[in-house]
1. If the requirement is being free of Cβ contacts under 8 Å to residues at least 60 places away in the same chain and in the same structural domain as residue 65 (by TED's automatic domain parsing), which of these qualifies: 253, 212, 273?
2. Among the residues that make up the range 58-68, is at least one of them exposed (fewer than 15 other Cβ atoms within 10 Å of the Cβ) and within 16 Å of ligand 1 (Cβ to nearest atom)?
3. Wholly within the range 97-205, which helices (runs of 4 or more DSSP H) include no fewer than the required count, namely at least 2 residues that are closer than 30 Å to residue 15 by Cα, in contact with a strand residue (DSSP E or B) (Cβ under 9 Å, 6 or more places away or on another chain) and modelled with pLDDT of 90 or more?
4. Given the conditions (1) more than 16 Å from ligand 2 (Cβ to nearest atom); (2) free of Cβ contacts under 8 Å to residues at least 60 places away in the same chain; (3) loosely packed, with under 15 Cβ neighbours inside 10 Å, which single one is not true for residue 96?
5. Criterion first (closer than 30 Å to residue 171 by Cα, touching a residue at least 24 places away in the same chain (Cβ under 8 Å), over 29 Å from the mean Cα position of the chain (by Cα) and not assigned by TED's automatic domain parsing to the domain that holds residue 33) does residue 196 satisfy it?
6. Within the range 33-55, how many residues are over 13 Å from residue 131 (Cα atoms) and outside the structural domain of residue 190 (by TED's automatic domain parsing)?
7. Please enumerate the residues belonging to the range 38-61 that are near ligand 2 (Cβ under 9 Å from one of its atoms), in a helix (DSSP H, G or I) and either farther than 19 Å from residue 157 by Cα or without any contact (Cβ under 8 Å) to a residue 60 or more places away in the chain (or both).
8. Identify the single condition in (1) more than 11 Å from ligand 1 (Cβ to nearest atom); (2) touching a strand residue (DSSP E or B) at 6+ places or on another chain (Cβ under 7 Å); (3) at pLDDT 85 or above that residue 81 does not satisfy, given that it satisfies every other one.
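The values are calculated or read from the model by the stated rules, or taken from the named source; none is laboratory data. Predicted model only: the values in this text are computed from it and were never measured. Cβ atoms come from the backbone with ideal geometry, glycine included; neighbour counts cover every protein chain shown.
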Ligand SMILES: Nc1nc2c(ncn2[C@@H]2O[C@H](COP(=O)(O)OP(=O)(O)OP(=O)(O)O)[C@@H](O)[C@H]2O)c(=O)[nH]1
Ligand SMILES: [Mg+2]
């Protein structure tokens, strides 16, 4: 099947074509940009929910519990898990449970991405995946990533709604403001509320939330392993979505997201040029010493 045949079959809902389409996009097979151009025209309906937070705070467990509820409500969610730390394609990040749920339910699709083989960085790969899920009719699209560094925050920051998950063992870090991710939260989840110290974090986050102008992020306590508080999280997502529509902030975020995705795509294209000398002339000139690397780089990037 050519990429465009695959695309047509996927858009018509064929499940195997959908899976193959996603894989071919991940592999950046020939013709992938044309496929993205079409997908982009079909996308734009899904609510993008970023889930970030400190390592081990229970993000995947929470995502699984949210999916249970969404599927119960007959929705067709999708999950993109982005693992910036692992050089391996991780099953660990997302957890077996979510994988098994996806295997058993055609309404749910999941994909995880790791640092491995990501020439243009994780950001570009994840934005194309999110666009594909959106175009294929999945809504909402959940994006999970560990919030430790800058690039992950960038991935999550383009969501419509950002959920920051913390747990009691990270109380001190949150309090000390070390977890910089706290600033980008539209909803705070204090998970592992069954553990000591949860109410302390809840108090700190409530204070942070009260200082915000405009939307005041709700602070929700959960025990994701038992599904406790999950309904409140979904409720908070719904309220924030409504807020985005009513204030027009949703349009602002959408525009900001498209600009960020363009930046990601530029980074990928540049990375491709930096490693793939399909026209090797400039590379040869630099190698021989007849051209300096800086002028050559500018010519490559500017297409001159
Ligand atoms: N006690 C308790 N344990 C929990 C809760 N939620 C998750 N856990 C446990 O915490 C551990 C980590 O959960 P994950 O869902 O994998 O956490 P994560 O944030 O996705 O982890 P990374 O993706 O590795 O950063 C697992 O052993 C879970 O069973 C909770 O509410 N209470
Ligand atoms: Mg996880």
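1. Details: 253 fails: free of Cβ contacts under 8 Å to residues at least 60 places away in the same chain; 273 fails: in the same structural domain as residue 65 (by TED's automatic domain parsing).
Just one listed residue meets the conditions, 212.
2. Yes: the range 58-68 contains one or more residues that are exposed (fewer than 15 other Cβ atoms within 10 Å of the Cβ) and within 16 Å of ligand 1 (Cβ to nearest atom).
3. Details: elements: 121-135, 150-157, 171-175.
Fully inside the range 97-205 and qualifying: 121-135.
4. Result: residue 96 fails condition (1) only.
5. The answer is yes for residue 196.
6. 1
7. Passing the criteria: only 61.
8. The one condition residue 81 does not meet is (1).
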